[in-house]
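The structure under discussion appears below in the form of structure tokens.
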Amino acid sequence: MGAVRLEAITWERLGDHLAERVLDLKPQDGSPWPRVAFDGAPAAHPGELAQRVFEALRVRGRPALVVGTEGFLRPASLRLEYGHQDVEAYYDGWFDTGALWREVFGPLEADGDGRILPDLRDPVTDRATRSPYVQLPPGGVLLLHGPLLLRHWFPFDLSVHLLLSPGALRRRTPQTEHWSLPAFARYESEIGPGTAADVLVRADDPRHPAWNG
């Protein structure tokens, strides 16, 4: 990743700074809906930062919608076809990227209608959620969080990567999920999310994050 200068910050201030940056986003494809990624392993809790930015945008009068990729898992019969701990399947086939393109990103294209499906499948029951569509008004912001986001060519206008060192990732990942760690090592090697993202947040110590400003 090379030398990156990071500054200490609190989570609250980080949420505020990112919200201010989001307010100035102008999608290059002409879409009226800015799309923001919060990329990170589950142990880094990218959804919590997405929620902080949502709240910071709310008090600033900007509508937004938080969407987690865990709501777009493929059916268990497909993603677990090669077993519950297949690293290749986790890296390439657990998340229904087709559904994300169709139900989340497609409606937010320049000629879209802003009508988003916030989730498709319950990750616990493996059943369809049957959630209603959400109408995101022009200017509303998509805040999408999940792992391995920056390898799918999703049209993000701003990307935030929550970085964990290999040691911190192992410590903060439950023992039962350690089988998935090689997928994140591969992601680091192939994609280099720390340099690919617009904003880097180091979250080794959950009490004291740092970022590249």
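Which value, in debye to the nearest 20, describes the size of the charge dipole of the chain about its Cα centre when Lys and Arg Cβ atoms bear +1, Asp and Glu Cβ atoms bear -1, and nothing else is charged? Write out the running numbers ahead of the final one.
Values: 23 positive and 29 negative charges, 80 e Å.
That gives the chain a dipole magnitude of about 380 debye.
Take the Cβ-Cβ distance between His208 and Asp111 as r, set R0 to 45 Å, and report the resulting FRET efficiency rounded to the nearest 0.05. Don't skip to the end; give the middle numbers.
Details: r = 44 Å, r/R0 = 0.98.
The calculated FRET efficiency here is 0.55.
Take each of the peptides 80-91, 62-73, average the number of other beta-carbon atoms within 10 Å over its residues, and list them starting from the highest.
The packing order, highest mean first, is 62-73, 80-91.
Treating only the Cβ of Lys, Arg, Asp and Glu as charged (+1, +1, -1, -1), what charge dipole size does segment 113-213 show about its Cα centre? Round to the nearest 20 debye. Don't skip to the end; give the middle numbers.
Values: 11 positive and 11 negative charges, 50 e Å.
So the magnitude is around 240 debye.
Obtain the nm distance between the two label points defined at His178 and Thr129 by a simple spin-label model: each point lies 7 Å from its Cα along the Cα-to-C-beta direction.
Simple spin-label model gives 3.2 nm for this pair.
Give the carbon-plus-sulfur fraction of the accessible surface of segment 141-213 in %, rounded to a whole number; probe 1.4 Å, heavy atoms of protein chains only.
Values: 1710 of 3260 Å².
Carbon-and-sulfur percentage of accessible area, whole number: 53.
In whole percent, what relative contact order does the chain give with Cα contacts below 8 Å and a gap of six or more residues?
Relative contact order, the chain: 33 percent.
If you count the DSSP beta bridges with both ends in the chain, what percent of them are antiparallel, to the nearest 5?
30
Using the Cα centre of segment 1-119 as the reference point, and only Cβ charges (+1 on K/R, -1 on D/E), how large is the resulting charge dipole? Debye, rounded to the nearest 20.
Numbers: 13 positive and 20 negative charges, 90 e Å.
So the dipole magnitude of segment 1-119 works out to roughly 440 debye.
Taking amide H positions as placed 1.01 Å from N in the peptide plane, with prolines and chain starts having none, which residues 5 or more places from Val67, or on another chain, fall under 5 Å of its amide H?
HN-HN under 5 Å from Val67: Leu143, Leu144, His145.
Calculate one ³J(HN,Hα) per residue across segment 157-164 by plugging θ = phi - 60° into the Karplus curve 6.51 cos²θ - 1.76 cosθ + 1.60, and present them in order as whole Hz with x for glycine and proline.
Whole-Hz 3J(HN,Hα) from phi for segment 157-164: 8, 8, 10, 10, 10, 8, 9, 10.
May I ask you to derive the FRET efficiency for Arg5 and Val59 from their Cβ-Cβ distance with R0 = 22 Å, giving the value to the nearest 0.05?
Values: r = 30 Å, r/R0 = 1.35.
Between Arg5 and Val59 the formula returns 0.15.
Determine one quarter of the surface area of the Cα convex hull of segment 66-213, which equals its mean projected area, and express it in nm² to one decimal. Walk me through the numbers on the way to the answer.
Values: hull surface 39.4 nm².
Computed as one quarter of the Cα hull surface, the answer is 9.9 nm².
Could you work out the local net charge near Gly93, counting Lys and Arg as +1, Asp and Glu as -1, over the other residues with Cβ closer than 12 Å to its Cβ? Provide the component values of the computation, followed by the final result.
Working: positive: Arg74, Arg79; negative: Glu81, Asp86, Glu88, Asp92, Asp96.
Every neighbour counted, the sum reads -3.
PRE reach from Glu48 (point 7 Å along Cα→Cβ): which of segment 182-213 fall under 20 Å by backbone N?
Inside the label zone: 199-213.
Give the distance, in whole Å, between the Cα centre of segment 25-95 and the Cα centre of segment 152-183.
Between the Cα centres of segment 25-95 and segment 152-183 lies a distance of 12 Å.
Going toward the positive end of the dipole of the chain, with +1 on Lys and Arg Cβ and -1 on Asp and Glu Cβ, which of Ala99, Leu120, Asn212 do you reach last?
The listed residue farthest towards the positive side: Asn212.
Report the per residue volume, in Å³, of the convex hull enclosing the C-alpha atoms of segment 7-47. Kindly include the intermediate steps, with their values, before the conclusion.
Working: hull volume 4.4 nm³, N = 41.
That works out to 107 Å³ per residue.
Can you pull the accessible area of Thr129 for me, 1.4 Å probe, Å² to the nearest 10?
Accessible area of Thr129: about 50 Å².
Using only the alpha-carbon atoms, what does segment 1-132 span along each of its principal axes? Please give whole angstrom values in decreasing order.
Ordered largest first, segment 1-132 gives principal extents of 43, 40, 26 Å.
Evaluate the distance, in nm, between pseudo-label points positioned 7 Å from the Cα of Gln28 and of Trp101 along their respective Cα→Cβ axes.
Once both label points are built, they end up 2.0 nm from each other.
The values are calculated or read from the model by the stated rules, or taken from the named source; none is laboratory data. Worth saying up front: this structure is predicted, and the values here are computed from it rather than measured. When we count neighbours, we look across all protein chains shown, and the Cβ atoms used for this are built from the backbone with ideal geometry, even at glycine. Just the protein is used for accessible areas: all its heavy atoms, side chains included, with ligands, DNA and RNA removed. Shrake-Rupley method; radii C 1.70, N 1.55, O 1.52, S 1.80 Å.
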